[in-house]
Amino acid sequence: MSDLKCCPFCGARGQIISEAGDPFDDIGRFYFVRCLGCRAQSGAKYASNSNDCPNFYEEVRQEWNQRNEGAT
Ligand SMILES: [Zn+2]
């Protein structure tokens with residue numbers, strides 16, 4: 001597991017969020033990292049309920065850390 005880096009914009013901590021994809025029909029969840037300061041977000045990964053796996057946390061963590069490098 002890699003650690004979350006600080007926000008590239010404001011330097012605050014990031015937090016991994018999992019959010020229901022559809023609150024009326026719970027068929028899956030979005031995973032993404034959101035800055036606790038300026039609320040910048042990483043790209044989101046979608047996981048169906050049958051595919052709810054810790055790997056998604058690692059994927060969004062890596063995506064957030066890549067943003068921190070200013071690659072895109
Ligand atoms: Zn921020």
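Some points to look at:
- Phe9 being farther than 12 Å from Arg61 by Cα and aromatic (Phe, Trp, Tyr): yes
- Considering only residues in the stretch 27-48 that are part of a loop (DSSP other than H, G, I, E, B) and touching a helix residue (DSSP H, G or I) at 6+ places or on another chain (Cβ under 7 Å), the one that is most open to solvent (accessible area, probe 1.4 Å) turns out to be Ile27.
- The stretch 61-72, residues that are modelled with pLDDT of 90 or more and open to solvent by 80 Å² or more (accessible area, probe 1.4 Å): Gln62
- Whichever residue in the stretch 49-60 is outside any loop (DSSP other than H, G, I, E, B) and away from the ligand (no atom under 16 Å from the Cβ) and, among such residues, is most open to solvent (accessible area, probe 1.4 Å): Ser50
- Note on the stretch 9-21: among residues that are modelled with pLDDT of 90 or more and part of a loop (DSSP other than H, G, I, E, B), the one that is farthest from the ligand (Cβ to nearest atom) is Arg13.
- Whichever residue in the stretch 22-48 is of a type in the set (A, V, I, L, M) and within 16 Å of the ligand (Cβ to nearest atom) and, among such residues, is nearest to the chain's Cα centre (by Cα): Val33
The values are calculated or read from the model by the stated rules, or taken from the named source; none is laboratory data. Predicted model, so just to flag it, every value in this text is computed and none were measured. All Cβ positions, even for glycine, are placed from backbone atoms using ideal geometry, and neighbour counts span all protein chains on display. Only protein heavy atoms, including side chains, enter the accessible area calculation; ligands, DNA and RNA are left aside. Shrake-Rupley method; radii C 1.70, N 1.55, O 1.52, S 1.80 Å.
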